[in-house]
Every structure is written in C-alpha cells, then in structure tokens.
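To keep things clear, I will list the structure first and then write my remarks on it.
The values are calculated or read from the model by the stated rules, or taken from the named source; none is laboratory data. Fair warning: this is a prediction, and the values are worked out from it, not measured in the lab. As a convention, Cβ positions derive from the backbone with ideal geometry for all residues, glycine included, and neighbour counts pool all protein chains shown.
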Amino acid sequence: MEYISVFDMLKIGVGPSSSHTLGPWRAAEVWLELLAENNWLKLCDSIEIDLYGSLSMTGKGHATDMALVLGLCGKDPERMPIAEIQPTLDAVRNESRLLLGNEKRIGFDILEDIHFNNEFLPFHSNGMKFTAYRAGEILSQEIYYSIGGGFVVQEKNDQHAVEIVNAGTYPYPIEKAAQLSEYCAKTGLVISDIVLENEKTLRTSEGIDTELHRIWDAMLECMYLGCHTEGRLPGGLNVKRRAYDSHKTLIGEAHYTNPQEWIAEIRNTEVKFRQILKWVSCLALSVNEVNASFGRVVTAPTNGSAGVIPSVLMYYLVIESHAAGFDEIKRFLLVAGEIGSIFKKGATISAAMGGCQAEIGVSSAMAAAALTELLGGSPEQVMIAAEIAMEHHLGLTCDPIGGLVQIPCIERNAMGAIKAINAAELALDTDPKEVKVPLDKVVNTMRETAKDMHMNYKETSQGGLAIRVTLADC
C-alpha cells in the first residue's frame with residue numbers, strides 16, 4: 001500500500017501557491033533531472049513551457065511563470081535565500097538568458113517562451129508541457145501535472161498519470177480513517193503513535209525529530225516575519241498587511257530580538273479572553289501575508305491554507321499549555337499530516353480540482369484533529385473533530401480576485417483556524433457512540449461535491465468574487 005508521509009503533506013517552499021508556484025517549480029526540477037540523465041541538458045539550446053487549465057488562467061497571479069524560471073535555473077525552493085529571488089528573475093528578464101540547471105546557458109524570454117493556454121489537459125486542471133530543442137528539433141517533450149500541495153506527477157504515453165508515494169510495507173497501512181481507528185482500538189495507541197511507527201520505516205527517530213524541528217522552525221519564523229512586516233502586498237490589489245498592526249496592539253511593550261524570544265514572551269504574557277480570537281486570527285493572517293509576498297511557508301496541506309495549522313498550534317502553546325514543548329509539537333504535526341493524507345487519498349487537496357474546501361477545509365480538519373489529541377481527546381474524538389471541521393467547509397469555492405492568493409484567501413485562513421478550535425471543543429464534548437457522520441463519509445462527500453462544483457469555482461478566477469471585484473476596482 002502507498003504511504004503519504006507527514007513530510008509529503010508538510011513541505012517547506014515558496015509562496016504564493018503550492019499547486020501553482022511550488023508544484024511547477026518542482027516539475028521543472030524533475031524535468032531537469034530527466035534532461036541530465038539522458039545527456040540532453042548539454043545538447044539543449046532552447047526550451048518552451050506551455051501552461052494549461054487553471055495554471056494558465058491564474059498563473060500570472062500565482063507567479064507560476066516566475067517559479068518555473070527559478071526551477072529551470074536549478075534553484076531549491078526550500079533553501080534558496082528569499083533575497084536572491086528577485087535579482088535572479090531580473091537577470092533572466094533583462095538578459096533574455098538563463099543558466100539551465102545551473103549548467104547550460106541558453107536564450108530564454110519569459111514573455112515569449114512561457115505560453116498560457118486556456119484549454120485543459122485530460123488528467124488534471126494544472127497541466128504543463130516542457131519542450132527542449134536542439135537546432136529546432138525536439139529533444140524532450142514531457143507533460144507534468146501539479147496536483148496540489150506541491151505534489152507533481154508525470155503523464156505517460158497512455159495519457160494516464162499515476163502518483164506513487166513511498167510505496168512499501170508499513171506496520172499500519174492506512175487508506176481510510178476507519179483503518180486508523182481500528183489500529184488505535186487494537187493497540188491502545190493514540191493516532192500520533194501509529195503515525196510515528198509508519199514514519200520510522202522511512203527515517204530514523206532522530207531524522208524524524210530533525211525534520212519536524214525544521215518544519216516548526218519554518219512555521220515560527222514565518223509567523224514572526226508576518227507579524228513584524230508592514231506595508232502592502234504585491235500584485236495590484238493594493239492589500240494592506242494587517243498582521244503587523246494587529247500584533248502591535250496585542251504585544252504591547254514587549255521586547256525580543258528573534259522568533260524564539262518572541263514566542264517565549266507571548267507565552268509569558270497573560271492573554272485576556274477577548275484577545276484569544278484576535279491572536280489566532282493575527283497569526284493566521286501573518287503566515288498568509290508572507291505567502292502572498294513570495295515568502296517561505298510550510299504547505300499545510302497547501303500554501304494557500306498554510307496559516308491554519310501554525311496558528312492553531314500556537315493557540316495550544318500560548319493558551320492551553322504553557323508547559324508544552326517539542327513532544328507536543330511533534331504529536332500535533334504527526335496527527336495533522338496523517339489526517340491530511342486521508343483527505344488526499346480519498347478526495348483532493350487541490351483547489352483546482354475541489355475548490356477551497358480542498359485547501360482551507362482540509363487544513364481546518366487537520367488542525368482540529370491535532371488539537372483534539374493534545375487536549376486529551378480519544379482517537380474517536382480526533383476523527384470527530386476532523387469531520388466537524390470539514391463538514392462546515394463543504395462546497396467552499398476558490399475564487400481568488402485577480403488570480404492572487406490574497407482576497408479572500410488570507411482571511412479564510414483565520415476563519416479556518418477558528419473553526420478548527422471550535423470543532424475540537426465540540427468533538428471533546430461528543431460521545432463517539434452518538435456520531436452520525438463518520439470521517440470517511442465526509443471525505444467521500446467532499447470528493448463528490450468537488451465533482452459537482454462548477455469549473456468556474458475551481459481556481460480559474462472566472463466566478464464568484466473574482467468577477468464581482470476586479471483589479472481595476474482596487
């Protein structure tokens with residue numbers, strides 16, 4: 001059985017979109033590897049990229065073309081210094097040349113060699129075709145799909161694309177939520193323990209801890225940066241950053257110099273009841289303002305929904321348990337990652353396929369489940385929390401104004417975080433024997449809702465707010 005790791009669901013990358021930015025960036029990397037393996041990289045003298053479907057319709061607002069350029073230059077989205085992104089793009093734009101795979105310098109015009117095509121390819125809405133030439137003859141032509149959350153698959157000759165993720169043997173193979181519940185019932189383990197045992201087949205215990213530390217540090221740094229950056233977001237909507245002013249009001253006269261001192265200061269500050277929702281909203285906004293400005297975030301499960309999980313985890317650390325440390329953070333991320341993988345396997349985490357229910361809905365379910373375990377909920381109540389959170393996001397459309405991950409995307413993260421906390425509290429007060437809608441049923445319902453949803457509400461910017469409010473209005 002295939003296994004989707006926590007580290008597949010929680011990936012460090014550059015915004016503003018996991019499917020439209022990180023995915024194409026990764027696809028370019030995969031294609032470069034193919035060129036190198038076949039010795040085509042040295043022979044290639046020109047390239048073209050064709051974008052299809054949602055990638056074409058909202059690609060400009062999601063910086064898809066910019067991400068492709070960075071990927072073709074051999075840059076790593078996890079580790080490339082953010083400060084180097086714009087100079088790299090400017091150099092390619094000004095010189096009409098790029099260093100393909102950081103090895104072969106070729107002519108490349110961003111405006112002429114990346115084509116935006118409105119038609120859709122058969123497998124997925126986010127399709128892209130890479131073509132390499134030598135003296136006008138095709139060396140390589142490959143089609144890839146960005147299927148949400150930074151996941152990428154390649155189309156084969158039979159027009160069918162299949163995703164294989166960590167195929168192997170695991171102590172607790174999980175396809176559906178019911179299986180996870182059965183393992184917990186039989187072993188007496190909580191969900192985070194079950195997930196950890198599966199992860200140990202892929203990494204050492206030390207390796208798991210190291211990666212989870214890295215993910216949490218990235219989340220914390222992102223929240224810190226968002227709370228300490230003022231101004232307006234790029235892209236043409238002229239959206240004012242709100243996390244800075246909100247945070248300034250909440251933090252008062254506190255003094256600190258780095259993210260670690262900052263979180264320590266917050267946890268030592270008495271938070272009044274009326275401030276709790278403000279804190280959660282502020283932190284969710286902070287992450288997605290960083291994401292909207294081509295900053296580094298953690299897909300959770302996508303860039304567009306990256307603010308929900310860190311803000312809910314911070315809620316637990318600041319409000320619920322000042323004594324909590326890395327063990328609690330680890331358990332939270334393990335549970336969140338597994339719940340996200342269940343939605344990915346049974347439905348989708350791609351807004352281009354399922355609307356925003358696939359992003360904010362899934363992230364809210366992930367956060368609700370993880371919070372419930374930390375608050376002492378049983379495995380059954382963890383599942384209930386995930387179900388409640390998704391149930392109240394079913395049918396949520398994706399209609400970004402101007403194709404930008406700003407309105408209504410940023411505020412939706414705050415709403416998703418609040419719903420996650422509410423879902424956890426409801427689940428903790430629920431007797432599992434009285435549950436009418438099991439988690440697997442809501443996953444199936446989400447999948448069917450996605451199929452029924454009109455294409456205009458699947459990240460095309462051709463419906464909803466995207467046509468009622470335009471860039472010209474702003």
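Couple of notes before you dig in:
- If you go through the range 416-438 and keep only what is among the polar types (S, T, N, Q) and closer than 26 Å to Thr397 by Cα, you end up with just Asn422.
- Residues of the range 199-234 that are over 13 Å from Leu285 (Cα atoms), among the polar types (S, T, N, Q) and either over 22 Å from the mean Cα position of the chain (by Cα) or not in a helix (DSSP H, G or I) (or both): Thr201, Thr204, Ser205.
- When Glu33 is tested against the conditions (1) surrounded by fewer than 24 Cβ atoms within 10 Å (Cβ to Cβ); (2) in a helix (DSSP H, G or I); (3) touching a residue at least 40 places away in the same chain (Cβ under 8 Å), the lone failure is (3).
- Taking the range 41-96 as the range and being at positive phi and touching a residue at least 40 places away in the same chain (Cβ under 8 Å) as the test, the residues that pass are Gly53, Ala63, Gly74.
- Residue match in the range 329-336 (condition: charged (D, E, K, R) and within 23 Å of Met57 (Cα to Cα)): no
- Of all residues making up the range 308-319, the number that are farther than 11 Å from Phe332 by Cβ and either surrounded by 21 or more Cβ atoms within 10 Å (Cβ to Cβ) or not hydrophobic (A, V, I, L, M, F, W, C) (or both): 2
- When Val437, Val442 are checked against the criterion of being surrounded by fewer than 16 Cβ atoms within 10 Å (Cβ to Cβ) and modelled with pLDDT of 95 or more, a single residue qualifies: Val437.
- Helices (runs of 4 or more DSSP H) within the range 286-385 that include 2 or more residues touching a residue at least 24 places away in the same chain (Cβ under 8 Å) and more than 28 Å from Gly463 (Cβ to Cβ): 308-315, 326-346, 360-374
- Met415, sole failed condition from (1) in a helix (DSSP H, G or I); (2) over 17 Å from the mean Cα position of the chain (by Cα): (2)
- Scanning the range 215-251 for residues that are touching a strand residue (DSSP E or B) at 6+ places or on another chain (Cβ under 7 Å) and charged (D, E, K, R) turns up Arg232, Lys240, Arg241.
- Per this entry, Gly231 is counted among residues that are at positive phi and at pLDDT 95 or above.
- Here Phe123 meets each of (1) among the hydrophobic types (A, V, I, L, M, F, W, C); (2) part of a loop (DSSP other than H, G, I, E, B); (3) over 22 Å from the mean Cα position of the chain (by Cα) with one exception, condition (3).
- Selected residue (criterion: nearest to the chain's Cα centre (by Cα)) from residues of the range 445-460 that are in a loop (DSSP other than H, G, I, E, B) and surrounded by 15 or more Cβ atoms within 10 Å (Cβ to Cβ): Glu459
- Of all residues in the range 13-30 being of a type in the set (Ser, Thr, Tyr) and part of a helix (DSSP H, G or I), the one that is farthest from Ser293 (Cα to Cα): Ser19
- Residue within the range 351-366 that is surrounded by fewer than 24 Cβ atoms within 10 Å (Cβ to Cβ), within 26 Å of Trp262 (Cβ to Cβ) and modelled with pLDDT of 95 or more present: no
- Within the range 386-403, the set of residues being β-branched (Val, Ile, Thr) and assigned to a helix (DSSP H, G or I) comprises Ile388, Ile401.
- Contact annotation: residue pairs with Cβ atoms under 7 Å, 6 or more positions apart or on different chains, pairing a residue in the range 229-242 that is assigned by TED's automatic domain parsing to the domain that holds Val287 and in contact (Cβ under 8 Å) with a residue 24 or more places away in the chain with a partner that is hydroxyl-bearing (Ser, Thr, Tyr) and assigned to a loop (DSSP other than H, G, I, E, B), are Leu233/Ser293; Pro234/Ser293; Arg241/Thr229.
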